[in-house]
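The values are calculated or read from the model by the stated rules, or taken from the named source; none is laboratory data. Nothing here was measured: the structure is a model prediction, and the numbers come from that model. A quick note on method: Cβ atoms are made from the backbone with ideal geometry, for glycine too, and the neighbour counts reach across all protein chains shown. Areas reflect the complete protein model, heavy atoms only, side chains present, ligands, DNA and RNA absent. Shrake-Rupley method; radii C 1.70, N 1.55, O 1.52, S 1.80 Å.
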Amino acid sequence: MYEQYNERTFCLNHPLLGHKLTTIREEVANTDTFRRITREIGTIMAVELTRSLPMTTKRITTPLASMSAPTLDCKKLCLAPIMRAGMGLLDGFSDIIPLARIGHIGLYREHSTLEAKEYFCKMPSKLDERLVILIDPMLATGNTAVAALDMLKERGAKNIIFANMVAAPEGITKVNTEHPDVKVYTVAVDEHLNENAYIVPGLGDAGDRTYGTR
Ligand code: URA
């Protein structure tokens, strides 16, 4: 379940999410711990974000009888991680929704201007018919998220939500303003961005901490 931060932004407040985020925020958490727990957070976020997905039914046969049973059309979902930090959360999402399609978005943050630069994009077909979950652990300036949302919409996506673990108020405002149709789901809204556009208190560089490249 969630607390509403504003009209379009929701804080997932499951106690396990808060606890796990605290663990990976700590600077003593090593790469192994960071990657494993980020994956677990991804799984819990996937459970929370798929609560309202439409269900259909299909005929199945149990060992005792046939019945009409509820089912989800997982192929109608597209998980869209922003490389590379989004891959850690993606693993947790795809553990629990293995049939979801996955579209990769390659964007890097140009260090001097903080602008997002595209270097890769490969999406599944019929994006307009899918719920697309954009995945990036950190919502900082919002430049990368806005660029990723632009890329998804240029390729036809109409129904998009954005999943992240830690958000800065500046980034939330930017995404809410530029893409008012996109709901933002986070675990924590932190205080502010520092002069290098890192979230404070945050957790540092999510990509470096996931892959041990610091
Ligand atoms: N990206 C990160 O990995 N961390 C931040 O604090 C901001 C952007």
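Points worth noting:
- Just one of the listed residues (107, 90, 134) is closer than 17 Å to residue 206 by Cβ, touching a Ser or Thr at 6+ places or on another chain (Cβ under 7 Å) and among the hydrophobic types (A, V, I, L, M, F, W, C), and it is 107.
- Condition met for residue 59 (over 30 Å from residue 154 (Cα atoms) and either part of a helix (DSSP H, G or I) or touching an Asp or Glu at 6+ places or on another chain (Cβ under 9 Å) (or both)): no
- Per-region count, the range 82-130, residues more than 20 Å from residue 41 (Cα to Cα) and of a type in the set (A, V, I, L, M, F, W, C): 8
- Of all residues in the range 157-186, those satisfying the criterion of being open to solvent by less than 20 Å² (accessible area, probe 1.4 Å) and outside any strand (DSSP E or B) are 157, 164, 165, 168, 171, 172, 175, 176, 179, 182.
- Residue selected from the range 98-145 under the condition over 13 Å from the mean Cα position of the chain (by Cα), at negative phi and among the small types (Gly, Ala, Ser), by the criterion modelled with the lowest pLDDT: 112
- The residues of the range 189-204 that are near the ligand (Cβ under 9 Å from one of its atoms) and in contact (Cβ under 8 Å) with a residue 40 or more places away in the chain, listed by number, are 193, 197, 198, 199, 202, 203, 204.
- Single match in 186, 177 (criterion: more than 16 Å from the ligand (Cβ to nearest atom), closer than 23 Å to residue 2 by Cα and of a type outside the set (Gly, Ala, Ser)): 177
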